[in-house]
Every structure is written in structure tokens, then in C-alpha cells.
Amino acid sequence: MRRLILFKADKGEIKKYRQQTETKIGESFYRVANAGSVPSLTTTIAEHYDASGKPIPEIGYRLTETDPEDRNSFRDNGWEVVRVEDYTPEIPPPYGAEFDSICLCYCAYKPLAPEDAWTKKAHRIAPSLDSFGGDEQAYQKWLATQSAEIQGALL
């Protein structure tokens with residue numbers, strides 16, 4: 001099942017976010033994917049493509065953020081899901097829509113205490129031929145896009 005999950009700021013939450021974080025108009029909170037966008041029109045916090053078959057996020061789910069100094073450490077961030085809508089296309093894939101469902105998760109800004117540490121650790125499993133379903137060509141194509149340091153660690 002292929003699902004698109006969009007996390008969007010609920011009504012009034014961008015203004016609340018800007019006040020609490022002292023972010024000025026013109027500085028987007030979604031800096032990477034929406035660089036140069038019109039701030040007043042940017043309400044998308046994150047988007048995920050999911051094919052895991054896991055349930056959709058529920059109310060209370062929090063997005064996570066990675067520590068800029070240590071990409072293996074992360075924590076919950078200030079955006080919490082407060083409302084969820086799930087849409088299924090009339091004509092399912094592969095004949096119609098690209099996704100089996102589109103999930104909209106509306107979020108409220110509920111910041112965590114500053115002392116909340118980067119305590120969660122990512123457990124990254126190195127990709128292998130098995131991760132590509134045994135497709136040697138796909139694995140080699142992916143491997144060629146990786147740095148020499150990563151290639152050496154995987155081989």
C-alpha cells in the first residue's frame with residue numbers, strides 16, 4: 001500500500017509558532033523543501049511517502065527532529081497531530097491514482113521543554129542486497145551514488 005502522508009499546520013498555528021519562536025515573517029519554518037516560498041502560504045510541515053503498511057498517524061503523534069550535531073540522535077519536536085483525515089481515490093492504483101490513500105495530519109505547535117534531551121538514538125541498518133529484494137542491478141546502481149567511505153563500509 002502506497003500512502004502519501006502530509007503534516008500541515010492547523011489554523012492559527014503558524015502565527016503561534018512564529019510568536020513563540022520569534023521567527024519573523026519571511027523566515028519559513030519549513031526551510032528546506034519550501035526555500036524561497038511565500039511564507040503566508042506555507043503550511044506544510046513535512047511530507048512522508050509510506051509503503052510500510054503501518055497504521056496512519058493518530059492524534060497525539062509527534063514529528064521528530066534530528067540533532068544537527070549528531071544525525072544519529074533525535075527527539076520529538078514541537079508539532080503534534082491534532083486532527084487526521086484519510087482519503088482514498090475512487091480509482092485505485094495502478095489504473096488511476098498514484099497512491100492508495102492520502103493522509104492529512106493537521107498539527108498544533110506544542111513545544112517541548114528546552115531541557116528535553118536528544119535521547120533517542122537511530123538504529124540504522126546498513127542497506128544490503130537483501131534490502132533491494134535481491135535485485136543486484138538496483139543495489140549496484142544505489143551503491144554507485146554513495147561516497148567511497150560508505151561504499152567501503154558496506155562491502
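I'd like the full set of residues that are of a type in the set (A, V, I, L, M) and surrounded by 12 or more Cβ atoms within 10 Å (Cβ to Cβ), limited to segment 56-82.
Ile56, Leu63, Val81, Val82
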- Query: Which residue pairs have Cβ atoms closer than 7 Å, lie 6 or more positions apart in sequence or on different chains, and pair a first residue in segment 125-144 that is under 20 Å from Ser52 (Cα atoms) with a second residue that is of a type in the set (Ser, Thr, Tyr)?
  - Reply: Leu129/Tyr139; Phe132/Tyr139
- Task: Looking only at segment 86-97, decide whether some residue is surrounded by 12 or more Cβ atoms within 10 Å (Cβ to Cβ), on the phi < 0 side of the Ramachandran plot and touching a Cys at 6+ places or on another chain (Cβ under 6 Å).
- Result: yes
- Message: It is to be established whether one or more residues within segment 120-138 are at pLDDT 80 or above and assigned to a loop (DSSP other than H, G, I, E, B).
- Response: yes
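The values are calculated or read from the model by the stated rules, or taken from the named source; none is laboratory data. Since the model is a prediction, treat every value here as computed from it, not as a measurement. A quick note on method: Cβ atoms are made from the backbone with ideal geometry, for glycine too, and the neighbour counts reach across all protein chains shown.
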